[in-house]
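Before any comments, here is the structure.
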Amino acid sequence: MTLCQYRRFRPCDGASYDSGVEVLNVFGGSRLQGDVTVPGAKNSVLKLMAAALLAEGTTTLTNVPDILDVAIMAELVRRLGCTVAHDPEAGRISIGVPAQLNHRADYDLVRRMRASICVLGPLLSRCGEVDVALPGGDNIGSRGLDMHVGGLLRMGAQVLSEHGYLHATCGRLHGARIWLDFPSVGATETILMAAVRADGVTIIDNAAREPEIVDICRMLVDMGAAITGIGTSTLEIEGVAELQPVTHAVVGDRIVAGTWAVAAVMTRGDVSVHQVDPDHLRIALEKLQECGAQVSNLEDGFRVQMDRRPLSVDVVTLPFPGFPTDLQPQFIAMNAIADGAALVTENLFEARFRFVQELARLGADVRTDGHHALVRGTTELSGAPVEATDIRAGAGLVLAGLVAEGVTTVYGVGHIDRGYADFVPNLRNLGATVERAEDSALF
């Protein structure tokens, strides 16, 4: 499926991307109950598609989420010279990688999805040269590339930023010991994917430990890479001459799973979430238990049950295994209707609180000061028009709409489409009243 075709694809319930301003109308008062299956992780599949560039031949990914970002990434790798066969209904994508790749990732795609920067390491390794437009993506704060660049410089690359592009060249990359000032997921991925075919041994200290990093490492090992320390803060990579294409199942999306868990608590519901490892959400699920929810493990996921108004709970976002920043908006929405007051501290993205201005339109009492937000719970929210500024803000606003009196109209639906597959059908299957519609009014 091409990106142009995806614009005509109906991701939720029949609305087209081609006309009008799309909104979600969320009717408050529903109790969510039932089962929901989580697709592969957005934060993994895009990087796995980039990792496929490291091996000539056809790599196939299964459990692929049917989201807009996958279509954008598919178009990007096509422009790099690959063939792509994407079956969204089957959750499967095959990437045919040629012997010779193009090395330029253009601005028109990279600006739409920051994850496009993940082609930097593979292309430099394969081509010895890469031009990647400086990325855009969610409006949640600055996320510099200094650690990406610093790691590549230590491995022998020459890097220049000009005219909105990052231009990197190398003869052949060599191993190095690289200390990350912060356990950045993106920098870990870039250095990791550059190192697997470099000469010698590369050691990444203070590496990110997210389940999505583990997923990439496991696929690379299946491709023939030599990586030790997987799942720890020290990764050791011994470069190999070449890698082989593989078939790999994408790890379940813990952020989507966590969103459903919070929705169950907010609506006093009973939701079973399948195809995800609850250990990937351990702290978040423990926080929901503190709120008064009953959380139990299932063979392939977990179940969340709630029968009363939640208690407020403090949250501090940290790199994995800490509380995930991508669940912070959902927890703010939950605290907005909880009993008591909670302090939410955001340590990763300085602009993540921007969405609370929209939440306040629904009647939420949230005051921010720097990287802290004080949320005082209220017994009732009221529906209003709001706008999503990023993927997770969109999800948080929809959850708030589920418990608000009346109708909440959520603009910026494209953000939600980037991270949540079949969002409206899943909500409806759980008992919510939500409709996707066109609204031509200016907002």
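The values are calculated or read from the model by the stated rules, or taken from the named source; none is laboratory data. Just so you know, these numbers come straight off a predicted model, no measurement behind them. Methodologically, a virtual Cβ is constructed for each residue, glycine included, from the backbone with ideal geometry; neighbour enumeration extends over all protein chains shown.
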Say whether the condition of being under 30 Å from Asn426 (Cα atoms), assigned to a loop (DSSP other than H, G, I, E, B) and β-branched (Val, Ile, Thr) is met by at least one residue in the range 92-111.
no
Which residues, counting only those in the range 203-215, are buried (at least 22 other Cβ atoms within 10 Å of the Cβ) and among the hydrophobic types (A, V, I, L, M, F, W, C)?
Ile204, Ala207, Ala208, Ile213
Of the residues in the range 216-274 that are of a type in the set (Lys, Arg) and within 22 Å of Pro321 (Cβ to Cβ), the one that is surrounded by the fewest Cβ atoms within 10 Å (Cβ to Cβ) is Arg218
Cβ-Cβ below 6 Å, separation at least six or inter-chain, first residue in the range 348-364 and in the same structural domain as Gly322 (by TED's automatic domain parsing), second crowded, with 20+ Cβ neighbours inside 10 Å and acidic (Asp, Glu): which pairs?
Arg352/Glu346
Counted residues in the range 265-303 being touching a Phe, Trp or Tyr at 6+ places or on another chain (Cβ under 8 Å) and part of a strand (DSSP E or B) come to 5
Breaking point among (1) at pLDDT 95 or above; (2) touching a Phe, Trp or Tyr at 6+ places or on another chain (Cβ under 7 Å), for Thr368
(1)
Quick one: which helices (runs of 4 or more DSSP H) sit completely within the range 143-223 and have at least 3 residues that are under 16 Å from Glu238 (Cβ atoms) and hydrophobic (A, V, I, L, M, F, W, C)?
185-195, 211-223
